[in-house]
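> Got a structure here, written out as structure tokens. Questions coming.
The values are calculated or read from the model by the stated rules, or taken from the named source; none is laboratory data. As the structure is a computational prediction, the values presented were derived from the model and not from experiment. Note that we place each Cβ from the backbone using ideal geometry, even for glycine, and neighbour counts take in every protein chain shown.
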Amino acid sequence: MVRGSASCGETLAVAEGEGERPHVDCTFSWGKKYQPKALMDFICHREKAESIQIMVCNGQYNHCIFEGPPGVGKRTMSLAMLREYAGLDITETREESREFNLGGSQGDPFFKIPVKMKVSSQLIQIDLSELRWHDATDVILELLQETYINGKAGIIVNEAERLSNDAQLRIKSFLETNKGPYKVIFCCYDISRLQHLNSLCMVIQLLPPSNEQIVEVLNFIAKQQDIELPDQLANNIAEKSNYCLQQAIRSFEATWHSKYPFKEDQQVMTGWEEEIADTAKSIIEDQSSKRLFLFRQKLQILLQHNLCPQFVFVTLVEELKRHLDDQIQMQIGVLWQTYSNDDQNEDQCIGRKKFRNPDELFCEKMIRARAARFVRIEGK
């Protein structure tokens with residue numbers, strides 16, 4: 001987190017009736033506000049950031065692969081690394097949509113696809129998810145050529161595990177042939193997906209932060225915001241964040257918005273309560289296949305923020321019951337109980353402890369477990 005001064009934000013606390021769900025109507029800004037801008041600013045992954053800073057200063061910096069689960073800070077540290085290397089304007093980016101010509105091989109016709117990117121005078125950032133199912137080879141090679149010719153500092157390729165083997169080989173060939181001061185940073189969740197680029201890059205693994213590190217960040221933000229944060233509440237927020245710093249900060253801000261001054265045993269908000277409540281209401285109002293598709297997308301968004309699936313579904317069940325009569329509430333309860341039992345059996349098979357210990361967290365198993373939950377939910 002950034003070590004600097006910050007003004008206190010506005011508190012939007014909404015009164016709640018007895019037995020009602022706490023209501024929070026606000027925007028969340030602390031995550032971006034206290035995002036580290038330089039390597040020296042990191043609290044989580046402090047030792048890793050310091051070692052990277054030494055390598056950059058000593059000229060040992062090459063192309064790089066950041067490996068780690070979603071939300072662990074790969075993009076943030078990538079930007080901080082390039083900023084250390086190229087200067088302060090590296091993060092002064094603007095969003096830009098550019099069209100790329102794809103196809104044309106094996107007799108296929110050319111077609112254009114718009115791709116959103118973040119660009120600055122020194123940097124290009126691209127998420128391969130923007131390409132959907134299209135091959136990223138030509139897009140990345142065109143951006144590499146632009147970076148090489150125009151003397152930009154580098155490119156950050158997010159979700160690089162989407163690169164095909166052919167794309168990796170062609171990118172590797174370009175990097176070996178066109179050497180220069182520019183740097184390419186690939187961010188992925190599994191280094192084994194980038195076997196052909198591994199030998200060219202420095203590999204940096206980022207593990208989820210410990211609860212102690214998360215609490216340290218929360219206390220730092222509390223100090224900057226002039227907020228009294230009880231130790232027990234800070235620990236509760238960290239525990240419920242599922243080792244996701246972004247979610248912990250959002251929970252801290254949401255809990256502050258819902259009620260302040262704090263109490264030791266205060267209910268921890270997540271900042272997603274309104275999202276889940278709106279989702280439940282829309283499910284009741286429209287039970288079409290289109291709504292099911294939109295519901296699945298919403299679940300994906302929630303779980304991408306490392307929310308505990310148990311929390312998401314418990315909250316969803318509670319919100320659904322608010323709109324249903326007693327008989328259907330009982331049916332929902334039976335379905336939820338069945339799902340919970342299946343979920344517990346699955347956790348016993350994959351070993352939930354691996355998700356509770358950052359040093360043993362395996363991204364592939366985490367993603368498979370979440371995918372299994374999606375399939376099971378859609379089948380209900």
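> For the range 130-141, which positions are in a helix (DSSP H, G or I) and modelled with pLDDT under 85? Explain how you work it out, then say what you get.
From the range 130-141, those in a helix (DSSP H, G or I) are 130-131, 137-141; that's our starting set.
Selection gives GLU130, LEU131.
> Under 25 Å from LEU206 (Cα atoms) and in contact with a Gly (Cβ under 6 Å, 6 or more places away or on another chain): which single residue out of LYS118, LYS183 fits that description?
Values: LYS118 fails: in contact with a Gly (Cβ under 6 Å, 6 or more places away or on another chain).
Among LYS118, LYS183, only LYS183 is under 25 Å from LEU206 (Cα atoms) and in contact with a Gly (Cβ under 6 Å, 6 or more places away or on another chain).
> Answer yes or no as to whether GLU228 is of a type outside the set (A, V, I, L, M) and in contact with a Phe, Trp or Tyr (Cβ under 7 Å, 6 or more places away or on another chain).
On the way: of a type outside the set (A, V, I, L, M): yes; in contact with a Phe, Trp or Tyr (Cβ under 7 Å, 6 or more places away or on another chain): yes.
The answer is yes for GLU228.
> If you don't mind, another one. May I ask you to say which residue of ILE227, ILE221 is over 18 Å from the mean Cα position of the chain (by Cα), among the β-branched types (Val, Ile, Thr) and part of a loop (DSSP other than H, G, I, E, B)?
On the way: ILE221 fails: part of a loop (DSSP other than H, G, I, E, B).
Unique residue meeting the criteria: ILE227.
> Let me ask you something else. Please go through (1) touching an Asp or Glu at 6+ places or on another chain (Cβ under 8 Å); (2) assigned to a helix (DSSP H, G or I); (3) not acidic (Asp, Glu) for ILE214 and return the number of the only condition it doesn't satisfy.
(1)
> All but one of (1) surrounded by fewer than 19 Cβ atoms within 10 Å (Cβ to Cβ); (2) at pLDDT 95 or above hold for VAL217, so report the exception by its number.
For VAL217, the exception is condition (1).
> Give the residues of the range 101-124 that are part of a strand (DSSP E or B) and modelled with pLDDT under 85, sorted by residue number.
First, pick out the residues of the range 101-124 that are part of a strand (DSSP E or B): 101-103, 110-119, 123-124.
Those that are part of a strand (DSSP E or B) and modelled with pLDDT under 85: ASN101, LEU102, GLY103, PHE110, PHE111, LYS112, ILE113.
> Residues in the range 31-52 that are surrounded by 15 or more Cβ atoms within 10 Å (Cβ to Cβ) and touching a helix residue (DSSP H, G or I) at 6+ places or on another chain (Cβ under 8 Å): how many?
The qualifying residues number 15.
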